[in-house]
1. Being part of a helix (DSSP H, G or I) and free of Cβ contacts under 8 Å to residues at least 60 places away in the same chain is true for just one of 35, 76. Which residue is that?
2. Tell me which of these residue 27 doesn't satisfy, since it passes every other one: (1) in a helix (DSSP H, G or I); (2) touching a helix residue (DSSP H, G or I) at 6+ places or on another chain (Cβ under 9 Å); (3) exposed (fewer than 10 other Cβ atoms within 10 Å of the Cβ).
3. Does any residue in region 81-98 that is more than 14 Å from residue 112 (Cα to Cα) come within less than 8 Å, Cβ to Cβ, of a residue that is exposed (fewer than 11 other Cβ atoms within 10 Å of the Cβ) six or more places away or on a different chain, and which pairs are these?
4. Could you check residue 4 against (1) in contact with a helix residue (DSSP H, G or I) (Cβ under 9 Å, 6 or more places away or on another chain); (2) at positive phi; (3) surrounded by fewer than 16 Cβ atoms within 10 Å (Cβ to Cβ) and say which number it fails?
5. Residues 48, 65, 58: which one is modelled with pLDDT of 90 or more, loosely packed, with under 12 Cβ neighbours inside 10 Å, within 18 Å of the chain's Cα centre (by Cα) and at negative phi?
6. Which of the residues spanning region 85-115 are surrounded by fewer than 10 Cβ atoms within 10 Å (Cβ to Cβ) and part of a loop (DSSP other than H, G, I, E, B)?
């Protein structure tokens, strides 16, 4: 619903929904704020938990490459390393498009390529 709209347009076109979103973001944090008809980062993390477990099993014997959107990658890392969402998600930078992050088992080498 908000896709493609900057914050001013969101507020102008959907004032009630924008207010609800911002109130949740202020009270609980960006991690828990759900866009109208969309997902919060918390929703994404919950949705990919099974995927993370599968990737952990597969990665014991094979290399795995995951290509996805920034929020999904951030959530993947959060679940993989059992990070707390409160500070980590807030402080973890949003990766640039086409960035490459290297994880080897339990070690996070960070972004090894950022355009």
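1. Details: 35 fails: part of a helix (DSSP H, G or I).
Residue meeting the stated conditions: 76.
2. Unmet condition: (2).
3. Close Cβ pairs (under 8 Å, with a partner that is exposed (fewer than 11 other Cβ atoms within 10 Å of the Cβ)) amount to 81/106.
4. That leaves (1) as the condition not met.
5. Numbers: 48 fails: loosely packed, with under 12 Cβ neighbours inside 10 Å; 58 fails: within 18 Å of the chain's Cα centre (by Cα).
After ruling out the rest, the residue left standing is 65.
6. 94, 97, 98, 105, 106, 115
The values are calculated or read from the model by the stated rules, or taken from the named source; none is laboratory data. Just so it is clear, the model here is predicted, and its values are computed rather than measured. Please note: Cβ atoms are built from the backbone with ideal geometry, for glycine as well, and neighbour counts cover all protein chains shown.
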